[in-house]
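Below you'll find the structure, written out as structure tokens, and then a few comments.
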Amino acid sequence: MLFENHYQLSYVTPDLALGAQILREKFDIAGFKQLGAAPVIENTVWTPDGDDVFIAMRAAIAFAGHLMIELLEPVSGATEIFLEMLEPNQPLKLHHLGIRCDDLEAVRAVHEQRGHPARMIGNFSTARFMYVDTRASLGHFLEYVAAPPEYWRR
């Protein structure tokens, strides 16, 4: 249940344009498109610090076959879970695997029972997402996304 429906690799970067350039030139992943209507996506999320916490990010996606490749550049607000993954002189760092799910609360309960706390929960468009901290076991986060069928038809 916890790894079923994997659809995405997501990298955090301090420079979205540089990250896209590296993936294009070194790995033939081209066609990155900005996520969201504005250059910076502003949102409110839940974190262990509370509800309605502001976050601002830049994001872009491209596809390698059926796999979505996402780039995330932290801008401001509750970006700690992204910033703490960045390493000096490393322009790209695997941040999370994206996994589709139907029931975020059921997945959260299983992970928390196993010692993997939710670090952020929020909405994007018609989707609801949750980042689970699996770094001690896997070295990266897992992001679960629950959304209606039309969300996945992009």
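Just to confirm a number: summing +1 for Lys and Arg and -1 for Asp and Glu over residues other than residue 74 whose beta-carbon lies under 9 angstrom from that of residue 74, what do you get?
Working: positive: 58; negative: 73, 80.
With Lys, Arg at +1 and Asp, Glu at -1, the net is -1.
Using a Förster distance of 22 angstrom, determine the FRET efficiency expected from the C-beta separation of residue 128 and residue 84, and round it to 0.05.
Numbers: r = 23 Å, r/R0 = 1.06.
In this case the efficiency is close to 0.40.
Between 71, 83, 138, find the one with the highest GNM mean-square fluctuation for the chain; connect C-alpha pairs within less than 10 Å.
138
Full-extension gain between residue 63 and residue 34, please, as 0.36 nm times their residue separation minus the C-alpha to C-alpha distance. It would help to have the intermediate numbers written out before the result.
On the way: separation 29, 0.36 × 29 = 10.44 nm, distance 1.27 nm.
This chain segment gains 9.2 nm when fully extended.
Counting heavy atoms of the protein chains only and a 1.4 Å probe, report the per residue accessible area for the chain as a whole number of Å².
Working: 8220 Å² over 154 residues.
In whole numbers, the chain has 53 Å² accessible per residue.
So if each residue of separation counts as 0.36 nm, and I subtract the Cα-Cα distance between residue 6 and residue 137, what length gain in nm does that give? Intermediate values should be presented prior to the final figure.
Numbers: separation 131, 0.36 × 131 = 47.16 nm, distance 1.76 nm.
That works out to 45.4 nm of additional length.
With the full set of protein chains in place, find how many percent of the accessible area of region 58-154 is carbon and sulfur; take the probe as 1.4 Å.
Details: 2390 of 4710 Å².
In region 58-154, the share of accessible area belonging to carbon and sulfur is 51 percent.
Between the helical axis of 104-113 and the dominant principal axis of the chain, each derived from Cα atoms, what acute angle in degrees is found, rounded to the nearest 10?
For helix 104-113, the angle is close to 80 degrees.
What ratio of Cα Rg to 2.2 N^0.38 Å holds for region 17-99? If you can, show how the numbers build up before the last one.
Values: Rg = 13.6 Å, N = 83, 2.2 N^0.38 = 11.8 Å.
Relative to the rule-of-thumb radius for its length, region 17-99 sits at 1.16.
Starting from the Cα gyration tensor of region 24-154, take the square roots of the eigenvalues, sort them a ≥ b ≥ c, and report rounded, prolate or oblate (rounded when a/c is under 1.5, otherwise prolate if a/b is larger than b/c, else oblate).
Details: a/c = 1.34, a/b = 1.23, b/c = 1.09.
Rounded is the answer for region 24-154, as its axis ratio a/c remains below 1.5.
Using Cα pairs under 8 angstrom and six or more residues apart, how large is the relative contact order of the chain, in percent?
Working: 310 pairs, mean separation 37.8, N = 154.
The value is 25 percent.
Under a GNM of the chain (C-alpha, springs under 10 Å), which listed residue has the highest mean-square fluctuation: 60, 136, 17?
136
For residue 100, what is the net charge nearby, where nearby means another residue's Cβ is under 12 Å from its Cβ and Lys, Arg count +1, Asp, Glu -1? Before the final figure, lay out each step's value.
Details: positive: 128; negative: 4, 102, 103, 143.
Counting the neighbours of residue 100, the net charge comes to -3.
The values are calculated or read from the model by the stated rules, or taken from the named source; none is laboratory data. On a predicted model such as this, the values are computed, not experimentally measured, just so you know. Virtual Cβ from ideal backbone geometry, glycine too; neighbours counted across all protein chains shown. For accessibility, only protein heavy atoms count, side chains too; no ligands or nucleic acids. Shrake-Rupley method; radii C 1.70, N 1.55, O 1.52, S 1.80 Å.
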